[in-house]
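Structure, as structure tokens:
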Amino acid sequence: MNFRLMAAAAASVLALAATANADEALTNASTLRALGAQVRLRIGTAANPTTLGDAALSQIIADQFSVLTPENDMKWQVVEPTQGNFNWTGADNLVNFAEQHGQLVRGHTLMWHNQLPNWLTQGVSGGTISASQLRDLLRQHIATEVGRYRGKIWQWDVVNELLADANPSQIRPNDFWVSNLGPGIVADAFRWAHAADPEALLCYNDYNIAGEDGSNAKHNAAVALIKSLQAEKAPIDCVGDQGHLDLQFGFNQILMTQDLQEFASLGLKVAITEADVRTFVETTDTNQSPVVSPTDPTPSHTADAAATDWYIGMLQSCLIVKACISFTVWGFADSHSWVPGTFKGEGDADLYDVNLNPKPQFTGLQQTLLLARGAPNRGRLRDGDRDHDGDDHD
Ligand code: XIL
């Protein structure tokens, strides 16, 4: 046997050993990114300067996740706080961190009605920025930001939260961009982003567009929006469903699967981009113990189980739909979550508790990823099959 054959043989023995190891039982140490990699799914989190700058939190980010989204640091308000003065510190740090840890980046977000700089919104309302100037400013903003990170961003949330929370839903009539520039601006935003980075996957991102509103109204509006963008030949590649769930509302897991499938049938990739599952919490402690309702402040042991079920349901929908390329949580620790600051009395929304201990929500995702990898190995039951040895024949 020559050296090359020996090396190849050794490599295949090693590969077999690795496969055998991978087949071993789940351990608490199995990371989400490693488990996701085995089923071609990137597991992501939002990150910010605080979480990236803290030793314990950044260790979890590096270990558990294979794609990062800047929670705020690529928003217009942050990158250009005063006109012509740019601050790329947070965004650069996140992109560098991702590069150092073998992670991809989801860029977030280019055209949105929220977190715009005051100079821009006040300029428009005060009449010092005309419609044609506003259009130029958006084109310039997209060219500058997408161009700066050209080749470094996997997916861009080009347009965020354009659709109304109504039944039927449609583009928000008072959306800052559409009301000032007309609906054609949506396709233009995609075109400008594509020109600045032809490799990046360009996404439409929104919440409640995979059935979470109960009526599917926003989903239907999203499908209509995508079809109209495709008719205008806008370069749209993917749809992000944010996945911000709340235990006080319903969640239909089958509908989410069907809705993601429908986006995929339009030729798009899909992603879960901001998953979390919030509920009411005890206000008298800092541990975010879940309660049944604000009026019954008794800690609830069923709330974490319900939240775990919904996290698993979202991940399952993504795993079932082949076009689903990433599953991202909007922060991973209750100690550093946007939820308590945004939804009064709510919390307990994340995978880790305030002391950075993994919760059942975390374990549920591990087990689901492991199931996704292991399921095809079980073979199938045939008529008359009585053996339980796991292969296809008796
Ligand atoms: C949130 C951030 O988490 C907060 O820190 C910030 O104060 C407000 O924005 N949908 C989105 C995200 O697309 O950008 C939002 O992030 C959460 C809802």
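The values are calculated or read from the model by the stated rules, or taken from the named source; none is laboratory data. Note that the structure is a prediction, hence the values are computed from the model and not measured. Methodologically, a virtual Cβ is constructed for each residue, glycine included, from the backbone with ideal geometry; neighbour enumeration extends over all protein chains shown. We work out accessible area using only protein heavy atoms, side chains counted, and drop any ligands, DNA or RNA first. Shrake-Rupley method; radii C 1.70, N 1.55, O 1.52, S 1.80 Å.
Near Leu137, within a Cβ-to-Cβ distance under 14 Å, what is the net charge of the other residues, with Lys and Arg +1 and Asp and Glu -1? Once positives and negatives cancel, what remains is -2. Loop-resident chymotrypsin sites (Phe, Trp or Tyr not before Pro) (DSSP state other than H, G, I, E or B) in the stretch 170-269 with no more than 14 further Cβ atoms inside 10 Å of their Cβ: Phe249. Using the alpha-carbon positions of the chain, Rg (one decimal) and Dmax (whole number) come out as 22.7, 81 Å.
Taking amide H as placed 1.01 Å from N in the peptide plane, the amide H of Val270 sits under 5 Å from that of Val239, Cys324, Ile325, each at least 5 places away or on another chain. The angle between the Cα long axis of helix 3-23 and the main principal axis of the chain comes to about 80°, on a 0 to 90 degree scale. Max-minus-min Cα coordinates of the stretch 106-151 on each principal axis give 37, 19, 12 Å, with the largest extent listed first.
Order these peptides, 166-174, 233-241, 133-141, by their mean beta-carbon neighbour count within 10 angstrom, highest first. Working shown, then result.
Details: 166-174: 14.1, 233-241: 22.4, 133-141: 16.3.
Highest to lowest by the protection proxy: 233-241, 133-141, 166-174.
When DSSP assigns beta bridges and you keep just the ones with both residues in the chain, what percent turn out antiparallel, to the nearest 5? Show your work: numbers first, answer last.
Numbers: 8 of 43 bridges.
The antiparallel fraction comes to roughly 20 percent.
Residues with beta-carbon under 14 Å from that of Ile60, excluding Ile60: net charge, scoring Lys, Arg +1 and Asp, Glu -1?
Details: positive: Arg33, Lys359; negative: Asp54, Asp63, Asp334, Asp350, Asp353.
For residues surrounding Ile60, the net value is -3.
Placing unit charges on the Cβ atoms of the charged side chains and taking the dipole of the chain about its Cα centre, the candidate lying farthest along the positive direction among Thr298, His113, Ser30 is His113. Within the accessible surface of the chain, defined with a 1.4 Å probe on protein heavy atoms only, the carbon and sulfur portion equals 52 percent.
Cα to Cα, under 26 Å, and not fewer than 8 places away if on the same chain: which lysines meet these conditions relative to Lys269? Filter leaves Lys75, Lys152, Lys218, Lys227, Lys233, Lys322.
With all projection directions averaged, the alpha carbon convex hull of the stretch 43-142 covers 6.6 nm². For the stretch 118-199, GluC sites (Glu not before Pro) are listed when DSSP marks them as loop and at most 16 other Cβ atoms sit within 10 Å of their Cβ; the list is Glu199. In terms of Cα to Cα distance under 12 Å, which aspartates and glutamates are near enough to Lys359, apart from those fewer than 8 places away along the same chain? Once the sequence-local aspartates and glutamates are set aside, what remains near Lys359 is Asp304, Asp334, Asp348, Asp350.
What does the charge count around Phe263 come to, taking other residues whose C-beta lies under 13 Å from its C-beta (Lys +1, Arg +1, Asp -1, Glu -1)?
On the way: positive: Lys218, Lys227, Lys269, Lys322; negative: Asp206, Asp237, Asp241, Asp259, Glu262.
Result for the local shell: -1.
What per residue convex hull volume, in Å³, do the alpha-carbon atoms of the stretch 273-388 yield? Provide the component values of the computation, followed by the final result.
On the way: hull volume 16.3 nm³, N = 116.
In the stretch 273-388, the Cα hull volume divided by residue count equals 140 Å³.
Only helices enter this figure: runs of n ≥ 4 DSSP H residues, each worth -39500 (n - 2.57), summed and divided by the residues of the chain, yield -13000 deg cm²/dmol at 222 nm to the nearest 500. Panel note: the C-alpha atoms of the stretch 166-239, placed on their principal axes, show extents of 37, 26, 19 Å (largest first).
Seen against the Cα atoms of the chain and their longest principal axis, helix 184-196 is set at about 60 degrees. Ligands, DNA and RNA are left out, and with a 1.4 angstrom probe the accessible area of the chain is 46 Å² per residue.
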